[in-house]
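What follows is one structure encoded as structure tokens, with my remarks underneath.
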Amino acid sequence: MKHKAKLGQNFLVDEAARHAIVAALGDISQRTVIEIGPGRGAITEILASRCKRLIALELDRELAPELAHRFRDQPNVEIVEIDVLKSDLASLAPQDETADVIGNLPYYITSDILLHLYAAAAQVKLARAVVMMQREVAERVSASPGRREYGLLSATTQMYARVENLFTLPPSAFSPPPEVHSTVLRLEFAPRFHELRVDAAGFDAFLKQIFAQKRKTLHNNLRAAGYSTAQLTHWPTGISQQARAESLTLEAMAELYRALSKHAL
Ligand code: SAM
């Protein structure tokens, strides 16, 4: 069967894996689930029989109507032909209920999809997401501070969710097989902005500044971002100016942001 490589179409054909991915969401019998990129329905089929309501977002204009036809007798299933990055999850999901997200993601836009979910988490009550992505990207998302893989995607994700690395699949689990291994992560949404006493928009922007050039020190990145010498005199004593962002915990990043942004003018 044909597939569109440019849409990241590698369809899951491993029977045990498709069940394990759905099982990772837990009890969904009373839940609305949003599926990203249902494709030929490998996960969709199991979800449809288990969850209260399924909203599946598929960009491919041939696959979306095929799926709609296939699930036409299941009123709890809604197939929406849309680019997930242009979808307004807040208007798709029920306002007063908690929703979950699942998806074997199109790898070419993995980070953009994750950022889209984090932005939506401010408006929709998202409980958890089970998402499959290229193994190397999953290692970045779940890395702890001090690890080589730790970077902007790790810090940003971990401000929004607790991350668990569940399992990794070889290329042979898919048709056609991709060139990379794939890892399934579970994100439990639990934003930390309030606890760390930072505003979400300002702190997200600050993370981009301190990770702008990974090999540069914190101090040099902030100088390059326009912080003045006067502002930087308020640097907290417990954090080295020569440290790199990748070595800092989120608590330390928040402390630095609070100290410097108080004097932002
Ligand atoms: N869920 C299926 C499976 O596990 O076999 C398909 C997974 S495949 C890796 C990714 C799916 O995402 C494809 O069906 C592709 O058409 C769809 N897709 C690609 N870009 C998309 C986008 N921007 N919005 C929604 N779906 C997209």
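Bear in mind that the values in this text are calculations on the coordinates, not laboratory data. Please read all numbers here as calculations on a predicted model, not as lab measurements. Note: ideal-geometry Cβ built from the backbone for every residue, glycine included; neighbour counts use all protein chains shown.
Structure data summary
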{"quantity": "Kirkwood Rh, Cα atoms: Rg over Rh of the stretch 121-265", "calculated": "1.04"}
{"quantity": "Of Ala201, Ala129, Ala254, the one that fluctuates the most in a GNM where the chain has Cα springs shorter than 10 Å", "calculated": "Ala201"}
{"quantity": "Neighbour-limited loop hits for GluC sites (Glu not before Pro), the stretch 56-98 (at most 14 other Cβ within 10 Å; DSSP other than H, G, I, E, B)", "calculated": "Glu62, Glu97"}
{"quantity": "Calculated log₁₀ intensity ratio I(q)/I(0) where the Debye formula runs over C-alpha points of the chain, q = 0.08, 0.11 Å⁻¹", "calculated": "-0.37, -0.65"}
{"quantity": "Label-point separation, Ala205 to Arg50 (7 Å along Cα→Cβ), nm", "calculated": "4.2 nm"}
{"quantity": "Antiparallel DSSP beta bridges within the stretch 5-189, percent to nearest 5", "calculated": "45 percent"}
{"quantity": "Using alpha carbons only: equivalent-ellipsoid semi-axes of the stretch 139-181, gyration tensor based, whole Å", "calculated": "26, 11, 9"}
{"quantity": "Largest-first principal axis extents of the Cα set of the stretch 200-261 (Å)", "calculated": "24, 23, 22"}
{"quantity": "Protection proxy ranking, peptides 47-54, 82-89, 36-43, average beta carbon neighbours within 10 Å, highest first", "calculated": "36-43, 47-54, 82-89"}
{"quantity": "Built amide H within the under 5 Å cut-off of Ser182, gap 5+", "calculated": "Arg135, Leu169"}
{"quantity": "In range of the label at Tyr108: residues from the stretch 1-19 whose backbone nitrogen is under 11 Å from the point 7 Å along Cα→Cβ", "calculated": "4-9"}
{"quantity": "Amide H partners (placed H, <5 Å) of Leu126, local residues excluded", "calculated": "Ala99"}
{"quantity": "Calculated from backbone phi, Karplus (6.51, -1.76, 1.60) coupling profile of the stretch 117-124 in Hz, x at Gly/Pro", "calculated": "5, 5, 5, 5, 4, 6, 10, 9"}
{"quantity": "Per principal axis, descending, Cα span of the stretch 1-157 in whole Å", "calculated": "51, 40, 30"}
{"quantity": "Dmax and Rg, reported as Rg then Dmax, of the stretch 36-95 (C-alpha, Å)", "calculated": "10.8, 30"}
{"quantity": "Alpha-carbon spread of the stretch 80-173, three principal axes, descending order, Å", "calculated": "39, 32, 21"}
